[in-house]
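The values are calculated or read from the model by the stated rules, or taken from the named source; none is laboratory data. Note that this is a predicted model, so its numbers are computed, not measured. Please note: Cβ atoms are built from the backbone with ideal geometry, for glycine as well, and neighbour counts cover all protein chains shown. Quick note on the areas: whole protein, heavy atoms, side chains included, nothing else; ligands and nucleic acids left out. Shrake-Rupley method; radii C 1.70, N 1.55, O 1.52, S 1.80 Å.
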Amino acid sequence: MIEGGSLVRATLSIWWVATGGRGFVIPFIIRRLVQFIPTILLSSFLIFIVISLAPGDFLSTAKLNPNISPEIIAQQRENLGLDKPVLIQYFLWMKNIILHADFGISFAYTQPVWNVMIPRIINSLWLVLFITILYYGMAVPLGVFGAVRQNSFADKAINVVMYFLLGFPSFFLALLAIFFILQLRFKYHWQIPLGGMTSDNFVNMSFWQRVGDVAKHLIIPAFIVAIHSVATLSRVIRGQMLEVLHSDYIRTARAKGVTEHTAIWKHTFKNGILPFVANIGGELPALIGGAGFVEVVFAYPGITPMLLDALNSKDLYLIAGFNLMTTILLIIGNILADILLVAVDPRVRLE
Amino acid sequence: MTTVSDPKKVKVLKPDRSQTQIGIALQQLRKNPLARFGGFGLILLYIMAIFAPFIAPDGLSNYSSSNITKFHPITPIHIHDPATGSLVRPFVYKYSQQLNMTTFVNEFQMTKEVCPIYYFVRGDKYRILGIPGNIHLFGTNNPECKVYLFGAETLGRDLFTRIMYASQISLTIGLGAVLVTTFLGLLLGGMAAYFGGWIDIFIMRLVEVIGSIPGLFLIVLLRAALPENINPILGLYVVIFLLALIDWGGTARATRAQLMSVRELDFASAAKSLGASDSRILWRHLLPTMSSYIIVGLSLSIPGMILFESSLSFIGIGAVEPYVSWGSLLAQAQEGGFASITQRPWVLIPGLFIVFTVMCFQLLGDGLRDAFDPRKRH
Amino acid sequence: MYCSDVAAASFNLQNMWEVKEYIMKKTLLLALALSLSTSLAAPFTLPASWFAESPAKAKTGGEIRYSTLSDFKTLNPFTSSESDSLPDVMTSQAGLFRQDPTNDKMIPVMAESMPAVSNANKRFVVKIRKGMKFSDGQAITADDFVTTWNIHADPKVGSNHLSDEQINDKPITIKKIDDYTVQFDFPQPSAGAYSRMSFAPWPDHVFGPVYKTKGAEGIKAMWGVSTDPKSIVSAGPWVLSSYQLGQRAVLKKNPYFGEWFKDGAGKPLPYADSISYRVVKDLNASLAAYLAGQVDAAGISRADDLAQVKKAIDSGNLKAQLFANVSPNATSTWIVFNWNKASDPTKQKLFRDVRFRQAMSHIANRQAMIQLALGGLGSEVYSGVYPVFKNYTFDSTPKYKYDLAAATKLLAQMGYTKKNAQGYLTNASGKVLEFNLTTNAGNNVREQEARIFTDEAKKVGVKVNFSPMDFNAVIDKLDNPGTDRPWDAILLGLSGGDNIWPYGSNVVPCGTNLHSYNYTKQGGPCLSAQETLMDKLYYKGDQTLDPDARRKIGEQLSKAEALNQGFIYLVGSNYHVTYNNRLGGEFKRELWDSYYGSRPAYGVTTYIK
């Protein structure tokens, strides 16, 4: 399930770090950056090995082409460097990354991986940001509401609706959505976008028209992903909130006459979200990881359809290059998360 | 103090001192109607899965290549004689089929032929828990005129039968994997938090290495790397299990974070000063503070796996022929596009089974969470 | 170029979404033209007789809106390997020759006239039409053809056109005689000589200097998807105007193209101002875009989609035309048995027995496959020549149709007379008649066909153990030569080809990599007499330039191929056409088929009503 990103939280929390003061941030970061190197080497090596474990390579499909001779395939294999042993391929690739910041060439696009990947990642980023805003915008209030008004009729009604939405795979919800948009278009001739990211005349639009046009295309897929997975987060928040809400120190706080608002938001909520803060790091790569199959069904030019193609055609460096990006982001995310944890939880120290 | 607005739950329970923790929890659970509903629902589902071949009137992959039943509609079951109106043995009508070449719709016409439904009929051979059998709960004894309780799918196979068989895969696919993930996550996260130092660094960097490879990547690649003659469903289980072995990172980080905040608390220090062993402190004192997180997490991740399997089916590496899961049935419906919605809505029924299962897991999970929460008892 | 279009089509056909991909690959045309005129700077004129409506009715202006299921991966014509690539769209019709859809003959387009042929059909001297210009206004001359050919021919570039530029590893050479004359020298006569020469020229003034200074690496680095469209130059009707990565490509009219490329009324082509391709990678989303009127045409293959289009038309929501089952597609699935199983002599003997293979063809219930796997819309196939190639379809080609009794009889002749307790046939020594069958997992159509085959085989007592496997694993099996190859039977499909010499160059001759039933090594020997005959006839036809003589050889070859049953051909999908009422400019209805399409490719004659 896509949990969306957490950029919003990450930026919000910078001032928290500033108020920390328990443990030295800079040496901590340096220490973690040193640990960074073996992690990256190991991770990128792993993905290389896993790719090469499976039979076939980028040129396998060409073998079924009645017009391409085996000699041409052999020549192409040499051109792409696929005739070399996996270890050599890996070292050459790593060498080029370290020496020239060159991630290699995508076989399918015959272009540097970086140029192929980045525009797609940016497209996905907009969608994921939209999703994240909707996701947290819905999940946090719903979770808190569920905890505060536990077992009320509204709490139960919300649960039932969310379980229902959770039960359908998001790609299927997306198909249903497209179907209903189509019916609406037939009936009322509303110009609701059916997919994609921009309208036909996008190139001729002014800047603000472009922003509006993209937003118009984003809203439905984003809403589907957000509403589909909102149950997950809101349930966990509700559970965590209840846990803290019933704890002694909240009782004490209430007994001391702290307002209900402060008891809920300042004391309970802040403590309830600790496990999520720990997982922020895991969500940073999700930010570039795209919105999943909804991108496919909505024909959105994001990273997911491209990666599926790359996996399918064994576009080696595109897969490995993208994986390297997510690894780096994951590690940075985890470092941020550890610092954040210190900021929100007075009991934790940087060690 | 009460935050409970349900009047049924405000009943005061006086815990018996001799009761065990689990005993109390079960007692609590029994008092929660929604949780009870979820629990019974799950029991029913799992019984259905075990006895699927018996409940199903047909074999999983049975269809005829001469008598075409592609997307056969749902056959209503009649109990009144059409001529006299009197009550008779339940029956269905036989249908005839033709592809309309102007609308391109496969049209089915009800004929006058009546096919009575019998109970405990002999039919397709199967095994339940290793015991062979060929008795089916109901059937018509007529392969040309079957009961299509939920209609038929693209090859003309009975959808009800397939949903029954699919439950076996959908209801088990994530169970083991989720338990393994949770156990490993708790153990390694707990160790990292409790011991700190090099162990912490090692475990957390390990989490990063394996967490850096997106799960979907890994599944696609690993599936392709498995021996080619492996049974596809075994392959699926193996891959999901492998994923579980490396998917504990999130749980581990969450556990570590939670535990780091409680390990300095009084009760842990007290236990330590009383000479409790490390593992005892970890399992008996520290991890129970995670119970809410674990229960809610489990009740979400088991249905999450059902959906994850459907995602795999969407890209063609989930439950593949001759096996089916609810997810793969739904992925097939997706493949039919808008026609699945307008011409044969019954192919969406597998989705309702997923929804029902997810709901049962949630309700039971909520109930359990409340039941294990000592502060919720009044 | 024609052959490569087809090549790319089959290349793409094999991936996970192949059905989706396939749909966009119907129009495999290269170019369209006719003129017998030899006068200086005479324009090329498309005969009005090809078209449904008089060219006088055609309107100018507007935008044609298409969609494509696969992303445009590059703008570089030398590294592009997909079909319907942007270089293809831009240079539609731009080639020396093209086929006349009314009689399949070659006619000159960028060539001024048909070439002078000498040296036993091995030398072609081609006069290039004068007055043609690239989109940047520079004249198109012999240098452009020579440079383009030489870059394609450089193995380091890795162009898909390379195979068109050599025969049996011997290069075809091109030489500039003067600014408007080139000479091709073939190592041997070739049936496909004209289509090999019908490639689109790319500007020497753009690619030539780079190739000279930086070689193949320099060429490969040019014209990626993020290149500024202003620097793109085209010899054809369209030139790139804008490309939003993975979303939409808009191509505008090349104003110089119409100066030499006219319709039957003498108006410059193309009619429309621009043509746009929206990238919609999902079949349902692509159908939705068509139903909503956002794109003007859709390539549809599934009966379900036809039904949706029909419904939208009938309810008045979509104003469009729908023509179902226009012709078969140039594709077929088949089952191939492995003749090289040294470790299992029983099976090797079985698979090498022509009676067994004929029996297997009798078992294949092709109608059931069409009804169930193809949704009722498909064609039975009995030969490696797809039924759309009508000029190469012969009555003398035997067909082993669905006939379980005939199969039983053939198997009995081979000694499989008794059935065991499970109902499977056994031979005298009690060995069960069984084999393993596989196909690539995830391809529902193929899996369903394999299941139907398995079920029918069971009816006559043949035990088929069917299990699909990963695509790459299947290809590895099929592709690796040896005397003991580790598989029994594979169900797959091929597609493409042309109606000039519709026999696969690496399928029919012995020892080629898709001669999958008998592939002991590269260049390995034939085994059966029919195979030897096929091998001989293939090369004979392939070296025959005269179409009628070639067709006669084809008739013998088709017969030998069918008698041999090396591949058991099954079924192929059908070609359907739908476009909305905005569009005009299609061919006469009787010319439509999956080979020539319903209108000239890429909107050259399409106008907005």
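Could you check A:Thr268 against (1) among the β-branched types (Val, Ile, Thr); (2) buried (at least 24 other Cβ atoms within 10 Å of the Cβ); (3) modelled with pLDDT of 80 or more and say which number it fails?
(3)
Of the residues in region B:316-336, how many are under 15 Å from the mean Cα position of the chain (by Cα), small (Gly, Ala, Ser) and facing another protein chain (nearest Cβ under 7 Å)?
Initially, region B:316-336 is screened for residues under 15 Å from the mean Cα position of the chain (by Cα), giving B:318-319, B:324-330.
With small (Gly, Ala, Ser) added as a condition, the list becomes B:318-319, B:325, B:327-328.
Checking the rest, the ones that are also facing another protein chain (nearest Cβ under 7 Å) come to B:327.
Summing the residues that are under 15 Å from the mean Cα position of the chain (by Cα), small (Gly, Ala, Ser) and facing another protein chain (nearest Cβ under 7 Å) in region B:316-336 gives 1.
Kindly indicate whether any position in region A:61-83 is touching a helix residue (DSSP H, G or I) at 6+ places or on another chain (Cβ under 9 Å), crowded, with 22+ Cβ neighbours inside 10 Å and in contact (Cβ under 8 Å) with a residue 60 or more places away in the chain.
yes
Being modelled with pLDDT of 70 or more, of a type in the set (S, T, N, Q) and touching a Gly at 6+ places or on another chain (Cβ under 8 Å), is that true of even one residue in region A:234-256?
First pass over region A:234-256, keeping only residues modelled with pLDDT of 70 or more: A:234-256.
Filter again for of a type in the set (S, T, N, Q), leaving A:234, A:240, A:247, A:252.
Next, from what is left, pick out any that are touching a Gly at 6+ places or on another chain (Cβ under 8 Å): A:234, A:240.
The answer is yes, given that some residue of region A:234-256 is modelled with pLDDT of 70 or more, of a type in the set (S, T, N, Q) and touching a Gly at 6+ places or on another chain (Cβ under 8 Å).
With the structure loaded, tell me whether B:Ala244 is in the same structural domain as B:Arg280 (by TED's automatic domain parsing), open to solvent by 20 Å² or more (accessible area, probe 1.4 Å) and modelled with pLDDT under 80 or whether it fails that test. Can you show your working first?
Details: in the same structural domain as B:Arg280 (by TED's automatic domain parsing): yes; open to solvent by 20 Å² or more (accessible area, probe 1.4 Å): no; modelled with pLDDT under 80: yes.
No: the conditions fail for B:Ala244.
Considering C:Ser332, C:Ser315, which residue is on the phi < 0 side of the Ramachandran plot, buried (at least 21 other Cβ atoms within 10 Å of the Cβ) and polar (S, T, N, Q)? Before you say what the answer is, go through the steps one by one.
Values: C:Ser315 fails: buried (at least 21 other Cβ atoms within 10 Å of the Cβ).
Unique residue meeting the criteria: C:Ser332.
Name the single residue, out of those in region B:168-227 being in a loop (DSSP other than H, G, I, E, B) and within 20 Å of the chain's Cα centre (by Cα), that is farthest from the other protein chains (Cβ to nearest Cβ). First the steps, then the outcome.
Step one: of region B:168-227, the residues in a loop (DSSP other than H, G, I, E, B) are B:171-174, B:196, B:212-214, B:226-227.
So of that shortlist, the ones also within 20 Å of the chain's Cα centre (by Cα) come out as B:171-174.
Working: B:Leu171: 14, B:Thr172: 18, B:Ile173: 14, B:Gly174: 13 Å.
Selected residue: B:Thr172.
Just give me the residues in region B:337-350 being in a helix (DSSP H, G or I), surrounded by fewer than 23 Cβ atoms within 10 Å (Cβ to Cβ) and either more than 23 Å from the chain's Cα centre (by Cα) or within 7 Å of chain A (Cβ to nearest Cβ) (or both), in sequence order. Let's see the steps before the verdict.
Within region B:337-350, the subset in a helix (DSSP H, G or I) is B:338-342, B:345-350.
Next, only the ones that are surrounded by fewer than 23 Cβ atoms within 10 Å (Cβ to Cβ) stay: B:341-342, B:345-346, B:348-349.
Residues satisfying the conditions are B:Ile341, B:Thr342.
Specify the residue that is most open to solvent (accessible area, probe 1.4 Å); the eligible residues are those in region A:14-34 that are under 24 Å from the mean Cα position of the chain (by Cα) and at pLDDT 65 or above.
Selected residue: A:Leu33.
Hey, among B:Ser301, B:Ser313, B:Ser291, which residue is assigned to a helix (DSSP H, G or I), within 14 Å of chain C (Cβ to nearest Cβ) and open to solvent by 10 Å² or more (accessible area, probe 1.4 Å)?
Working: B:Ser301 fails: within 14 Å of chain C (Cβ to nearest Cβ); B:Ser291 fails: within 14 Å of chain C (Cβ to nearest Cβ).
It is B:Ser313.
If you go through region B:126-167 one residue at a time, how many are more than 20 Å from B:Ile233 (Cβ to Cβ) and small (Gly, Ala, Ser)?
So the answer is 5.
Look through region A:109-131, keep the residues that are more than 8 Å from every other protein chain (Cβ to nearest Cβ) and open to solvent by 20 Å² or more (accessible area, probe 1.4 Å), and return whichever of them is nearest to C:Ser83 (Cα to Cα).
A:Pro112
Go through (1) at pLDDT below 85; (2) touching a Ser or Thr at 6+ places or on another chain (Cβ under 8 Å) for B:Phe217 and report which single condition fails.
The number of the failed condition is (2).
Residue check, C:Arg599 against (1) more than 30 Å from C:Ala289 (Cα to Cα); (2) crowded, with 22+ Cβ neighbours inside 10 Å; (3) under 23 Å from the mean Cα position of the chain (by Cα), all met but one. Which one?
The single condition C:Arg599 does not satisfy is (1).
Only one residue in A:Leu87, A:Leu99, A:Leu142, A:Leu134 is under 30 Å from C:Asp479 (Cβ atoms), open to solvent by 10 Å² or more (accessible area, probe 1.4 Å), away from chain C (no Cβ under 14 Å) and part of a helix (DSSP H, G or I), so which one is that?
Working: A:Leu99 fails: under 30 Å from C:Asp479 (Cβ atoms); A:Leu142 fails: under 30 Å from C:Asp479 (Cβ atoms); A:Leu134 fails: under 30 Å from C:Asp479 (Cβ atoms).
Step by step, each of A:Leu87, A:Leu99, A:Leu142, A:Leu134 is checked, and only A:Leu87 is under 30 Å from C:Asp479 (Cβ atoms), open to solvent by 10 Å² or more (accessible area, probe 1.4 Å), away from chain C (no Cβ under 14 Å) and part of a helix (DSSP H, G or I).
Taking region C:206-257 as the region of interest, how many residues are over 30 Å from A:Met205 (Cβ atoms) and in a helix (DSSP H, G or I)?
Of the residues in region C:206-257, 15 are over 30 Å from A:Met205 (Cβ atoms) and in a helix (DSSP H, G or I).
Sort out which residues of region C:257-286 are of a type in the set (Lys, Arg) and buried (at least 22 other Cβ atoms within 10 Å of the Cβ), and write them in order of number.
Going through region C:257-286, the residues of a type in the set (Lys, Arg) turn out to be C:262, C:267, C:278, C:281.
Result: C:Arg278, C:Lys281.
Within region B:99-114, is even one residue more than 14 Å from every other protein chain (Cβ to nearest Cβ), farther than 26 Å from B:Gln343 by Cα and touching a strand residue (DSSP E or B) at 6+ places or on another chain (Cβ under 7 Å)?
no
Applying the selection to region A:171-206, what residues are at the interface with another protein chain (Cβ under 9 Å from one of its Cβ atoms), in a loop (DSSP other than H, G, I, E, B) and open to solvent by 40 Å² or more (accessible area, probe 1.4 Å)?
The answer is A:Asp200, and nothing else.
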